[in-house]
Amino acid sequence: MSFIVGLRNLLFKALYKLSRPLIFLMDPEEAHYMFKRVGVFLGSNFLTRFLTSLLFNYGHKSLKTSVDGIEYRNPLGLSAGFDKDGELTKIYPSIGFGLAELGSFTGEVCPGNPGKRLFRMVKSKSILVWYGLNNQGAEVISKRLKGVNFGKLKVGINAAKSNLTPEFDLQDSIDDYTKTMSLFKDIGDYYTINISCPNTQDGEPFVVKENLDALLKAVNAHRVEGRPIYVKLAADISIDEINTIVDACIEHQMDGVVLTNLAKPAHNKEYIESELPYHKGAMSGLPLQRISTNVIRHVYRRSRGKLTIIGVGGVFTAKDAYEKITSGASLLHMISTLIFDGPQNINEINRGLVKLLKADGFSSIEEAVGSRNPLPKLKSSQSQHTSKNAA
Ligand SMILES: Cc1cc2nc3c(=O)[nH]c(=O)nc-3n(C[C@H](O)[C@H](O)[C@H](O)COP(=O)(O)O)c2cc1C
């Protein structure tokens, strides 16, 4: 069976490679909308879902994983930013995802930044993003998604603050996040609080401890029983800033963190400089791969397993995925590989993960989490703080 799936993947890989030059002739934002329309169509009825599933789906018992009380059929998820209006949930299980994070949604309707907003950096395997949180707003989207049965797909609701003015107002921003949380209180399986959009007019004010404390307090007041809350961090903040956020997340009993958002070119030189197409925006994909894994390694050790980690940034192969898992991530998100390698790569990565788990003698993803990033021994005075998984 695995042999047939392998052949099927090779065929689709070759087809995607052949059609990619044509796709890349399109404007990137146009191509994004075209793929969304295809996804909406494929998800619209049983027959197209079934056929898509035959061509792209894959499952294996060792991929099933339980995180914060939620059962996932596999650890691979769509990252926030592809499905900004939550329109494609019907098709994700058929192409092999275990989870999908929708949004970012903002409390108010948000048009995003003006002008050209997406750029391909092909040799660097990266997308330069200058979207600025364009979405239809939490009211419209929550109405559309109310009562939708997501089946075996687990759904994350990514909340951000609207990018409408250059002035930061703490209370308005907090209200924006909590408005989305309230409107989605009956929809989805977990929340992500995105404090790290690199493309907003008023910067990233929740890196400041007092602002973050106020936000996390308000977020906690909107907690829904059984629904974990994760906080999404930037790729290029300092270690001190990371530590401040991680410690605040533990203090305010957040369930975990998403590591990481896009990387700004000014703070990251892991791309081909002559390819940089625009002076604004931030990069996905390969330039982010190493930095996000390093952040995962650091946060896993700092939080001593008390925070669930969702790893994201430059996952293109099973090896990349496994590196993030063995560094401490329990789940993974991805977008860029869909653009550069095609949708068959989701199950190719899942298939590769099964082999890598087996090679290391693990029977589940949970056993592999953090296995190549051992926690440093605690001094006896610190040892009463144990991991949430250690009980
Ligand atoms: C086109 C695009 C739009 C994005 N928009 C969002 C967003 O709205 N909210 C968010 O939290 N992250 C957003 N991101 C960041 C991704 O969720 C992810 O963190 C990043 O792309 C790294 O993953 P990758 O290397 O697999 O693409 C966006 C990324 C891309 C490529």
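Here are the numbers:
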item	result
The range 238-262, subset surrounded by fewer than 24 Cβ atoms within 10 Å (Cβ to Cβ) and of a type in the set (S, T, N, Q), residue nearest to Ser303 (Cα to Cα)	Asn243
Search result, residues across the range 338-370 that are open to solvent by less than 10 Å² (accessible area, probe 1.4 Å), of a type in the set (S, T, N, Q) and closer than 20 Å to Arg20 by Cα	Gln344, Asn347
Which listed residue is in contact with a strand residue (DSSP E or B) (Cβ under 9 Å, 6 or more places away or on another chain) and closer than 15 Å to Thr260 by Cβ, from Ile339, Ile325, Ile310	Ile310
Qualifying residue in the range 287-299 (condition: more than 24 Å from Gly370 (Cβ to Cβ) and at pLDDT 95 or above)	yes
All positions within the range 58-84 that are within 16 Å of the ligand (Cβ to nearest atom) and either on the phi > 0 side of the Ramachandran plot or touching a strand residue (DSSP E or B) at 6+ places or on another chain (Cβ under 7 Å) (or both)	Pro75, Leu76, Gly77, Leu78, Ser79, Ala80, Gly81, Asp83, Lys84
Qualifying residues in the range 190-204 (those that are under 25 Å from Ala221 (Cα atoms) and touching a strand residue (DSSP E or B) at 6+ places or on another chain (Cβ under 8 Å)) - the one nearest to the ligand (Cβ to nearest atom)	Asn194
Residues of the range 271-296 classified as within 11 Å of Lys123 (Cβ to Cβ), under 16 Å from the mean Cα position of the chain (by Cα) and more than 12 Å from the ligand (Cβ to nearest atom), total	0
Residue among Asn194, Asn158, Asn135, Asn199 that is modelled with pLDDT under 95 and open to solvent by less than 20 Å² (accessible area, probe 1.4 Å)	Asn199
Any hit, the range 48-57, residues being within 16 Å of the ligand (Cβ to nearest atom) and among the polar types (S, T, N, Q)	no
Answer from Ile195, Ile157, Ile187 - the residue that is touching a Pro at 6+ places or on another chain (Cβ under 9 Å) and closer than 21 Å to Ile310 by Cβ	Ile195
Ile187 vs. criteria within 21 Å of the chain's Cα centre (by Cα) and more than 15 Å from the ligand (Cβ to nearest atom)	yes
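The values are calculated or read from the model by the stated rules, or taken from the named source; none is laboratory data. If you're wondering where the values come from, they're calculated on a predicted model, not measured in any experiment. Counting neighbours? That spans all protein chains shown, and the Cβs are built from the backbone with ideal geometry, glycine included. Heavy atoms of the whole protein, side chains included, go into the accessibility calculation; ligands, DNA and RNA do not. Shrake-Rupley method; radii C 1.70, N 1.55, O 1.52, S 1.80 Å.
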